[in-house]
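So the structure is just underneath, and the comments pick up after that.
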Number of protein chains: 4
Amino acid sequence: MSDRTTVGVGMVGYAFMGRVHSQAWRSVGAFFDLPLSPRMAVLGGRSKERTAAAAAQLGWADVETDWRELVARDDVQIVDICTPGDSHAEIAIAALAAGKHVICEKPLANTVEEAVAMVAAARDSSARSMVAFNYRRVPAVALAQRFVAEGRLGEIRHVRAAYLQDWIVDPEFPLVWRLRREKAGAGALGDIGSHIVDAAEFITGQHVVGVSALTETFIKERPLAEESAGLAASGSSAMGTVTVDDAALFIGRMSGGAMASFEATRFATGRKNAMRIEINGSLGSLAFDFESMNELWFSAGGGGFERILVTEPDHPYVGAWWPPGHGLGYEHTFTHEIKDFLEAIATGADPSPSFADGLRVQRVLAAVEQSAADGSRYTIVEDR
Amino acid sequence: MSDRTTVGVGMVGYAFMGRVHSQAWRSVGAFFDLPLSPRMAVLGGRSKERTAAAAAQLGWADVETDWRELVARDDVQIVDICTPGDSHAEIAIAALAAGKHVICEKPLANTVEEAVAMVAAARDSSARSMVAFNYRRVPAVALAQRFVAEGRLGEIRHVRAAYLQDWIVDPEFPLVWRLRREKAGAGALGDIGSHIVDAAEFITGQHVVGVSALTETFIKERPLAEESAGLAASGSSAMGTVTVDDAALFIGRMSGGAMASFEATRFATGRKNAMRIEINGSLGSLAFDFESMNELWFSAGGGGFERILVTEPDHPYVGAWWPPGHGLGYEHTFTHEIKDFLEAIATGADPSPSFADGLRVQRVLAAVEQSAADGSRYTIVEDR
Amino acid sequence: MSDRTTVGVGMVGYAFMGRVHSQAWRSVGAFFDLPLSPRMAVLGGRSKERTAAAAAQLGWADVETDWRELVARDDVQIVDICTPGDSHAEIAIAALAAGKHVICEKPLANTVEEAVAMVAAARDSSARSMVAFNYRRVPAVALAQRFVAEGRLGEIRHVRAAYLQDWIVDPEFPLVWRLRREKAGAGALGDIGSHIVDAAEFITGQHVVGVSALTETFIKERPLAEESAGLAASGSSAMGTVTVDDAALFIGRMSGGAMASFEATRFATGRKNAMRIEINGSLGSLAFDFESMNELWFSAGGGGFERILVTEPDHPYVGAWWPPGHGLGYEHTFTHEIKDFLEAIATGADPSPSFADGLRVQRVLAAVEQSAADGSRYTIVEDR
Amino acid sequence: MSDRTTVGVGMVGYAFMGRVHSQAWRSVGAFFDLPLSPRMAVLGGRSKERTAAAAAQLGWADVETDWRELVARDDVQIVDICTPGDSHAEIAIAALAAGKHVICEKPLANTVEEAVAMVAAARDSSARSMVAFNYRRVPAVALAQRFVAEGRLGEIRHVRAAYLQDWIVDPEFPLVWRLRREKAGAGALGDIGSHIVDAAEFITGQHVVGVSALTETFIKERPLAEESAGLAASGSSAMGTVTVDDAALFIGRMSGGAMASFEATRFATGRKNAMRIEINGSLGSLAFDFESMNELWFSAGGGGFERILVTEPDHPYVGAWWPPGHGLGYEHTFTHEIKDFLEAIATGADPSPSFADGLRVQRVLAAVEQSAADGSRYTIVEDR
């Protein structure tokens, strides 16, 4: 192993996503036999002090306060973008232009235009680029994809996807950046709706070709978050407008003829991270709920649903970990993602999902917003 | 008990629905303290011989081969309509005109026009009329309605309803009457979609005000059923056209502001009778699946979901039956329905659901078909 | 059907068991093609008035206040014993001596001696006799038995059975007859422990050959029940001694080499009627919980557990009822029992379970009590 | 954080347990604010080459091939023992004598005598010592303990524990060290039975005071494992005797009056790592199954069971990780264990579970074997 090439990683952002990516970079080499050996070289953030503290805790060797400096460093061959969506395009395009491999958090961008530019940059670069739809790397989701690809479900008739959370049910929950369009691009639709669109396309191997949609913002005004309250006096009751959707509901058709429904909401009281997907085919069916992430439910030939505990050595990614029945957690999806990304870099293959996959999801989101604005009219998803 | 008034019942039809209604008429008096004592007077069917055999097995005292004779009999005060939808209006209107109470299987009719006429007949009659959406009488569904009415869910934000079956996945399954528009009115939409629309309205106390829809017929041609193959030679491969939907998918808005999704399909391989409904409110949530009909899942205040075994004496209808944990079955929903209908007759109250409730469901189905025909455009449900 | 022989039924007792047996006698003919047509001839009870009211409600044609008169009637060919265990032997033996077929509630008797005498009476009679372990007729339990008999589980290694209820957790719950040894014979052990012993033996086809046991009475004194409080002033605080076990826990070995554990308790807070059984074999495993009585969980070859919805036409008893996914309830187990009993009478076959099966369970219960009294010493179950 | 004292860790063994401990040492500092900063100093193993390869992959700075050298190193303050049970006592006692803190895999030792000596060594040392019953650190198990301690279950009446696996159902599975008494001490009893005894004692705060037991070895001879086949020709059919139990079944009483049952088996086909525990108290009940490790089921006051997704910030250990609904995996239990151990070292508190806790479990295992050898006689657990 000592003769593996070391690749330096520069990560921008150290909030939730940065923490989990760090754990993946830190752990991946201990479990997978990698073609490249990642080095946690540098962490990027705006505040020198806070970035340095994060780097110390998360295990990064150095820090930069300007992402441009980070991208330019000789000891960085991979740029990992963990910032809000409004900066994805700028950082990714610069990194690709500098010949750096890029892994970028989802959704790929805040607009289709940005995503188009990112795909163009990826095409023009010799480097690899990946969008981090980590749910593809849940072993149960990867196993679902395998079952469909093997034909065990037959012709796919129905996709039933929902991503249900409840963290902003309280009207006193503040106006954090994820609730502001200029930072997040969209609300539940972009943040979690994008995941189920990608998962549906990944598992079925079909694309969403058209949608009819409703969106809603249940709570229109919220207390300003500390982060945006600026100079407002402590305890002030300053309110701000929620500029993204709280929930999005859409139905549509897949390229292979399946009917599909999607729901993304942060108002499903009692559901914490219920990323759920059900597939019905002519020969069999699948059901998955991330709240029980180590389980895949499979029915063959109209029989009952088998609860497959996706912890067997021959299940995707699982052989690297623990014995049967010793489940994995959320963070492992990122470890698997990093492993696949490093392999794609080593082989020169297109990572899955690529920036082009991310753009396709972006086009679905755009069609959803278009349909919702246009009386739920069935809206074709652009595909160029 | 001996001084209760006896009411004679005439039932038309003795297939699936007739069998389960018979069990309800037979059993209801042994478990509920009724204001009226039903007598299973007469069974109506076209074939004298087969109707007589059915009457003997199911416990009806007499038979008629013309429903008009049945309706006219002096020993019949209640007419129970268990025929396909194409004859509902004619029988019900005649029975109401003759002053007979009517309980009619769902959906109320095959068209909005018929349903409107039935509601008018009900309004003009002194008799009671009820449409048999039996799922309202699942104790868990009735408990769900109680929880919402008590405000335990707060403001309702989401309704997520699906009715999933798989009995016609096989393309060799024949073209039975339920797959022909002239008999059944609609396919999955009318047969099972109507149930979830009614259940959603019942539980939430809100109406569906508009919908955006997709419908699909996956298998367009099927072998003619024996019942319709007529003189075709045995073993012939005569095919006929499926003239109803195999699946219907629609999203919409409820009168109280909730967003709702509905799916009715007979192509959900492995799902046998998964009539499922989830409700999310600002204070709590509910989930139900008829495949586990004695369970209601309830989450309060964002906590986990409690599996309520709906077998306690203070749960709706349950006190009449067995001790806690000794579950009920499908047929009991009909027994409860008959009990409620007899009470409505005795008190003169409007039964729930009334023909007017049935008409409202019919208008939703019509709006769904209209939207599906019109590019999924958001279509307002008529409400006059 | 009209030429079927009619058999008159006389039932003794009309409490919980009498009510559910009545529903079975009333319904069985409408669903199963029976060789004999039962007639609900006469109900036996001590109070003339209350027995007559029960007969009117439950549908019995006549009443008797002395069970000896009931047994002697010419219009009674079947005696159905729904009384507490202390009168089982006397009634059953008299009925068998009179040439009447007997179906007797479980456990067969309050002592091994009584059960031995009942078996002798059954052997000496030309009539059929059955002990009403109704859980054998849960379709899922019968399917479990079928799977084992077909060898789908291979060699049975483990049986894990528990029957959990919670209805006497409250120390204020009164001293009803089920808590008095002279009426009930035993507590949780006899009432519900007997069911899981019978189910384990039925499913596996093996006998319990030896046990090691613990029993416990958590609440030693309880308020006298109205039924036994006699002339005590209303609201009196008279207490009585609980003379049966509240819980019994035992482990043992089966005749085929399996290890087995059993637990019967009325102190499992939150468990209402959790009659649970798990079987592990060299090739597969099964799991069942009566609280979800329409489900059987099956694992083959070490794979995940399949949730079989036991509502398919080819599942035991199910074809007579409703379409797939339309579940049955508690009472149907009795309807199935009556059907099997009538068939045994018609064919002259030994009913399952027979009095001999009931005696064997009784011997297990006796061994449990013996072991518990003797320092949990492993105690061989008599088998003569 | 930079001023935290660094403590060097020396770990002996790098198989399954060594791999998961390594991940814990590697990760703990990134998630918990630790009083001491662990340094992965040295890995001990017999083969220089293989130990070096493991150290490179798992992230250990150096290697030793003699554990005595490892224990003696100045840069080692903590010794982590991940070897089979036959070497626990020797290593632990030597490490404690050298003033090194010790964390030792479970069960503490292969015999009570060894465990007694280890406890004595721990008492005589100024260093901290912990036995690694990691299931105490499953957040759901820790939450269960909290609920009991808060009195939410009332008086504990029942403990129902089972640890079910199936990895040696195949008779061709070889005779690995875990199946040989001289290495492993016991079979399922020691390996997994010890976990449920510890968990039951931890959650309830009660001790097992007496047991009645059965044990069994279903497959008496197995192919020699490569590791022990020595010079046997490849493909040889050399067989060896299994000298440990395949399954152990025991019932007993807890110090607070609860009745308890325990089952440990590697022959529960289809169960992969079903470490299950149910507790029934006078006020409430709990149920847990490690195969769904992020869930705890709780019933209060006889109501239904609530599925608590143990991923909320105020749940034990969870605040350090991810948002609600983003579950943890098996390895996190070790990370929590290391965190608690480091805190105990820093404060000088007795770790939980201590060597004394480990000895108590050992005494229960000894009583189980004694009872099984002695006709299942109820055997008091020594408690000195």
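Summary of values
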item: D:Phe305 assigned by TED's automatic domain parsing to the domain that holds D:Ala248 and either free of Cβ contacts under 8 Å to residues at least 60 places away in the same chain or among the aliphatic types (A, V, I, L, M) (or both); result: yes
item: Pair list, Cβ under 9 Å, 6 or more apart: region A:147-166 residue without any contact (Cβ under 8 Å) to a residue 24 or more places away in the chain and surrounded by fewer than 24 Cβ atoms within 10 Å (Cβ to Cβ), other residue in a loop (DSSP other than H, G, I, E, B) and of a type in the set (A, V, I, L, M); result: none
item: Odd one out for C:Ile279 among (1) more than 8 Å from every other protein chain (Cβ to nearest Cβ); (2) in contact with a Leu (Cβ under 7 Å, 6 or more places away or on another chain); (3) more than 21 Å from C:Met259 (Cβ to Cβ); result: (3)
item: Enumeration of residues in region C:273-285 that are surrounded by 22 or more Cβ atoms within 10 Å (Cβ to Cβ) and either farther than 16 Å from C:Val141 by Cβ or over 20 Å from the mean Cα position of the chain (by Cα) (or both); result: C:Ile279, C:Asn280, C:Gly281, C:Gly284, C:Ser285
item: Extreme residue, farthest from the other protein chains (Cβ to nearest Cβ), among residues of region D:144-168 that are within 27 Å of C:Ile277 (Cα to Cα) and of a type in the set (D, E, K, R); result: D:Glu155
item: Evaluation of C:Leu175 against (1) crowded, with 23+ Cβ neighbours inside 10 Å; (2) more than 11 Å from every other protein chain (Cβ to nearest Cβ); (3) aliphatic (A, V, I, L, M); (4) closer than 29 Å to D:Gly375 by Cβ (one fails), failing number; result: (4)
item: Residues being touching a Phe, Trp or Tyr at 6+ places or on another chain (Cβ under 8 Å), away from chain C (no Cβ under 14 Å) and within 12 Å of D:Gly190 (Cα to Cα) - total across region D:347-381; result: 2
item: Within region A:325-365, considering residues that are surrounded by fewer than 20 Cβ atoms within 10 Å (Cβ to Cβ) and over 18 Å from A:Asn134 (Cα atoms), the one nearest to the chain's Cα centre (by Cα); result: A:Ala349
item: Residue match in region B:116-126 (condition: buried (at least 21 other Cβ atoms within 10 Å of the Cβ), under 27 Å from B:Ser261 (Cα atoms) and in contact with a Phe, Trp or Tyr (Cβ under 8 Å, 6 or more places away or on another chain)); result: no
item: Residue in region B:21-38 that is in contact (Cβ under 8 Å) with a residue 60 or more places away in the chain, more than 8 Å from chain C (Cβ to nearest Cβ) and more than 27 Å from B:Pro323 (Cα to Cα) present; result: no
item: Check on B:Arg136, closer than 24 Å to B:Leu365 by Cα and modelled with pLDDT of 95 or more; result: yes
item: Hits in region C:328-343 (condition: away from every other protein chain (no Cβ under 14 Å) and within 25 Å of C:Asn110 (Cβ to Cβ)); result: C:Glu337, C:Ile338, C:Phe341
item: Subset of region A:284-302 [farther than 22 Å from B:Arg266 by Cα and within 14 Å of chain B (Cβ to nearest Cβ)]; result: A:Asp289, A:Glu291, A:Ser292, A:Leu296
item: Flag if C:Ser255 is of a type in the set (S, T, N, Q), buried (at least 24 other Cβ atoms within 10 Å of the Cβ) and at pLDDT 95 or above; result: no
item: Residue pairs meeting the criteria (Cβ under 6 Å; at least 6 apart or on separate chains; first farther than 22 Å from C:Ala320 by Cα, in region B:323-344; second part of a helix (DSSP H, G or I) and not basic (Lys, Arg)); result: B:Gly325/C:Glu291; B:Glu337/B:Asn134; B:Ile338/B:Ala24; B:Ile338/B:Val28; B:Lys339/B:Val28
item: Of residues in region A:178-220 being away from chain B (no Cβ under 14 Å) and touching a Ser or Thr at 6+ places or on another chain (Cβ under 6 Å), the one farthest from A:Glu155 (Cα to Cα); result: A:Arg180
item: Answer residue from region D:303-316, given it is assigned to a loop (DSSP other than H, G, I, E, B) and surrounded by 19 or more Cβ atoms within 10 Å (Cβ to Cβ) and is nearest to the other protein chains (Cβ to nearest Cβ) among those; result: D:Gly304
item: Test: residue in region C:267-274 that is closer than 30 Å to C:Val244 by Cβ, facing another protein chain (nearest Cβ under 9 Å), touching a helix residue (DSSP H, G or I) at 6+ places or on another chain (Cβ under 6 Å) and not hydroxyl-bearing (Ser, Thr, Tyr); result: yes
item: Region C:46-91: number of residues that are among the aliphatic types (A, V, I, L, M), touching a helix residue (DSSP H, G or I) at 6+ places or on another chain (Cβ under 6 Å) and either more than 13 Å from C:Met11 (Cβ to Cβ) or surrounded by fewer than 21 Cβ atoms within 10 Å (Cβ to Cβ) (or both); result: 1
item: Number of the exception - A:Trp297 against (1) part of a strand (DSSP E or B); (2) surrounded by fewer than 22 Cβ atoms within 10 Å (Cβ to Cβ); result: (2)
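The values are calculated or read from the model by the stated rules, or taken from the named source; none is laboratory data. Everything numeric here is computed off the predicted structure, so don't read it as measured data. Cβ coordinates were reconstructed from backbone atoms using ideal geometry, including for glycine residues, and neighbour counts include every protein chain displayed.
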